[in-house]
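K.L.:
Following this message is one structure expressed as structure tokens.
The values are calculated or read from the model by the stated rules, or taken from the named source; none is laboratory data. Values in this document were obtained by computation on a predicted structure and should not be read as measured data. Cβ placement follows ideal geometry from the backbone for every residue including glycine, while neighbour counts extend to all protein chains displayed. The area values use the complete protein model at the heavy-atom level, side chains included, leaving out ligands, DNA and RNA. Shrake-Rupley method; radii C 1.70, N 1.55, O 1.52, S 1.80 Å.
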Amino acid sequence: VSRIVVKIGTSSLMHSNGKLNLQAIDQLSYTLTGLVNEGKQVILVSSGAIGAGMGQLGLTTRPEEIPKQQALAAIGQSELMTVYQQRFATYGQKISQVLLTHDVLDYPQSREYVHNTIEQLLNWGIIPVVNENDTVAVDELDHRTTFGDNDQLSAIVAVRSHADLLIMLSDIDGFYTGNPHKDRHAQLIKELHQVTDDSLKRAGGAGTVFGTGGMATKLKAAANILNHNQMMVLANGANPSIIFNIMNGEEIGTLFI
Ligand code: ADP
């Protein structure tokens, strides 16, 4: 595996009190820098802008209004990048910001520009930190169940950049036979080769107070990955250094292959 896309969800980046989880961000920075130093190319797809914006304004619930969410994303995105920049710099790693919208990726011309930029960054050993540009698009905010907290964006990025592996970090150990928060008999599915209607039924609805995508959008991302004969691992991001274990080939989380 030489090119990896890592997607980290809001729940892994935020404490439940609405503050950024600096320890998780630090560990993620350390881990991804380690991979680059081993000669791997790494793209980070990071959520958390709205959560960070809520933290800045001291809000504990996500506002319903789309303009408020967009404004929070604008506040939080720069805060988030500042923290990433500081943490990665500690380990000597350079990063960059790539903000995308779905229409940008739908148009062949702009898609090629994005592709060229990311290839150049990777050639320079710089980690692109990708997020949806919430100021100019409401896809993610408006149809959360469709696009969901960057889950599907990360799969699109992994497909377009021909990544060897998409690692999706969430607040849960993997994909279970049912939502473990509701069904105590739910069991971890270690390997899945196909995302069926039955799998989607098991994924239930959306997740946390920060209004993230839930399991359904992760499965849709996995379906996209499998359609392109690529691989995805869904694992718990509580300790982002779990990425090292995944790269070592340990059986962790759910492997979509
Ligand atoms: P993130 O913020 O990391 O993207 P989400 O909260 O959006 O995470 O999605 C993960 C949540 O999906 C889990 O915590 C769980 O409550 C819910 N969920 C629903 N169905 C399942 C399932 N079958 N297996 C695992 N988690 C599930």
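K.L.:
Which residue pairs have Cβ atoms closer than 7 Å, lie 6 or more positions apart in sequence or on different chains, and pair a first residue in the stretch 167-186 that is of a type in the set (S, T, N, Q) with a second residue that is in a strand (DSSP E or B)?
P.N.:
Final answer for the pair search is Ser170/Leu234; Ser170/Asn236.
K.L.:
Against the definition (open to solvent by less than 30 Å² (accessible area, probe 1.4 Å), within 16 Å of Asn150 (Cβ to Cβ) and in a helix (DSSP H, G or I)), how does Leu121 come out, yes or no? Give the derivation first.
P.N.:
Details: open to solvent by less than 30 Å² (accessible area, probe 1.4 Å): yes; within 16 Å of Asn150 (Cβ to Cβ): no; in a helix (DSSP H, G or I): yes.
No.
K.L.:
Can you name the condition, by its number, that Leu153 falls short on among (1) open to solvent by 10 Å² or more (accessible area, probe 1.4 Å); (2) aliphatic (A, V, I, L, M); (3) part of a helix (DSSP H, G or I)?
P.N.:
(1)
K.L.:
State all residues of the stretch 79-93 that are surrounded by 14 or more Cβ atoms within 10 Å (Cβ to Cβ) and either of a type outside the set (Ser, Thr, Tyr) or under 19 Å from the mean Cα position of the chain (by Cα) (or both); if no residue qualifies, say none.
P.N.:
Answer for the stretch 79-93, where residues must be surrounded by 14 or more Cβ atoms within 10 Å (Cβ to Cβ) and either of a type outside the set (Ser, Thr, Tyr) or under 19 Å from the mean Cα position of the chain (by Cα) (or both): Glu79, Leu80, Met81, Val83, Tyr84, Gln85, Arg87, Phe88, Gln93.
K.L.:
Name the single residue that is nearest to the chain's Cα centre (by Cα) among those in the stretch 155-175 being more than 8 Å from the ligand (Cβ to nearest atom) and among the β-branched types (Val, Ile, Thr).
P.N.:
Ranking the qualifying residues of the stretch 155-175, first place goes to Ile167.
K.L.:
Can you give me the number of residues within the stretch 1-57 that are among the hydroxyl-bearing types (Ser, Thr, Tyr), surrounded by fewer than 17 Cβ atoms within 10 Å (Cβ to Cβ) and within 16 Å of the ligand (Cβ to nearest atom)?
P.N.:
The number of residues fulfilling the criteria is 1.
K.L.:
Pairs needed: first member in the stretch 224-236, surrounded by fewer than 18 Cβ atoms within 10 Å (Cβ to Cβ); second member anywhere, hydroxyl-bearing (Ser, Thr, Tyr) and not in a helix (DSSP H, G or I); C-beta distance under 7 Å; at least 6 residues apart or different chains.
P.N.:
So the pair list comes out as Asn236/Ser170.
K.L.:
Regarding the stretch 126-136, can at least one residue be identified that is within 10 Å of the ligand (Cβ to nearest atom) and modelled with pLDDT of 95 or more?
P.N.:
No; the residues of the stretch 126-136 include none that is within 10 Å of the ligand (Cβ to nearest atom) and modelled with pLDDT of 95 or more.
K.L.:
Does Thr60 satisfy the condition of being of a type in the set (Ser, Thr, Tyr), at pLDDT 95 or above and open to solvent by 20 Å² or more (accessible area, probe 1.4 Å)?
P.N.:
Judged against the criteria, Thr60 is not a match.
K.L.:
Going by the structure shown, is Ser161 touching a His at 6+ places or on another chain (Cβ under 8 Å) and either under 22 Å from Pro240 (Cβ atoms) or modelled with pLDDT of 95 or more (or both)?
P.N.:
So Ser161 passes the test.
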